[in-house]
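Chemist: Mind having a look at this structure? Questions to follow.
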Amino acid sequence: MKKTIVIVDDHVLIAKALEGIIDNFKDFEVIYVCENGKDMIQKFENNSKIPDIILLDISMPIMDGFETVLWLKENHPDIKVMALSMQGDDKSVIKMIKNGAKGYLLKNTHPKDLETALVKLNTEGFFYPEWASRIIFSNLNSEKEAKDSVRISDREKEFLKYTVTELSYKEIADKMCCSPRTVESYRDQLCEKLDLKTRVGLAVFAMKNGFD
């Protein structure tokens with residue numbers, strides 16, 4: 001059975017071209033196209049079929065790729081997201097991966113390379129071309145240096161361990177035998193120390209630095 005794909009891209013001609021290319025692949029088929037993240041969510045809520053894979057553009061009006069992949073991670077974590085964009089800069093790559101993308105390709109990727117990437121994404125759970133892997137590796141080294149230079153208390157480390165779970169802040173407080181307000185204080189202090197803004201960011205930091 002073919003793996004199903006949804007393309008989320010506001011560039012209609014590009015999306016149609018991609019659809020035509022992918023429909024010639026043996027193991028994949030495009031089931032529909034969305035103009036942006038909000039359009040995708042509406043289709044999901046209207047009982048459109050949930051795909052195995054989403055090819056997700058980054059720069060879109062109304063709801064861009066960064067917001068969309070984060071929503072997918074929180075609401076449909078089993079969907080594998082491949083960022084497919086004209087943007088190959090470090091900031092975009094790292095942000096998409098931190099938000100939940102399992103792969104990253106440029107839109108000018110050769111059809112054969114796109115098929116290979118989809119196969120590996122499906123079988124191995126992720127795919128990053130060599131140039132993207134270099135960016136990720138460099139970022140991991142930078143975060144390790146940040147970890148080494150930032151003092152994190154034992155209680156903050158314990159809190160970081162719980163950020164990768166599905167526990168609510170109240171449940172984390174119960175586990176740590178403290179008040180929810182104290183847990184929120186750990187969160188705020190770590191976000192300030194590590195220049196992060198969300199629990200997702202803290203969870204990514206925890207996993208990459210061995211606190212999970």
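The values are calculated or read from the model by the stated rules, or taken from the named source; none is laboratory data. Worth saying up front: this structure is predicted, and the values here are computed from it rather than measured. Every residue, glycine as well, gets a Cβ built from its backbone with ideal geometry; the counts of neighbours run over all protein chains shown. Note: accessible area is taken over every heavy atom of the protein model, side chains too, but ligands, DNA and RNA are not part of it. Shrake-Rupley method; radii C 1.70, N 1.55, O 1.52, S 1.80 Å.
Chemist: Quick check on my filter: what residues within region 49-79 are of a type outside the set (A, V, I, L, M), within 18 Å of ALA15 (Cα to Cα) and either touching a strand residue (DSSP E or B) at 6+ places or on another chain (Cβ under 8 Å) or modelled with pLDDT under 85 (or both)?
Modeler: Residues satisfying the conditions are PRO51, ASP52, ASP57, SER59, GLY65, THR68.
Chemist: Out of VAL119, VAL150, report the one residue that is β-branched (Val, Ile, Thr) and modelled with pLDDT under 85.
Modeler: The match here is VAL150.
Chemist: Just give me the residues in region 153-178 being modelled with pLDDT of 90 or more, open to solvent by 80 Å² or more (accessible area, probe 1.4 Å) and assigned to a loop (DSSP other than H, G, I, E, B), in sequence order.
Modeler: Hit for region 153-178 is CYS177, nothing else.
Chemist: Could you please give the count of residues in region 189-212 that are over 17 Å from the mean Cα position of the chain (by Cα), open to solvent by 40 Å² or more (accessible area, probe 1.4 Å) and either among the aliphatic types (A, V, I, L, M) or within 20 Å of LEU70 (Cβ to Cβ) (or both)?
Modeler: 2
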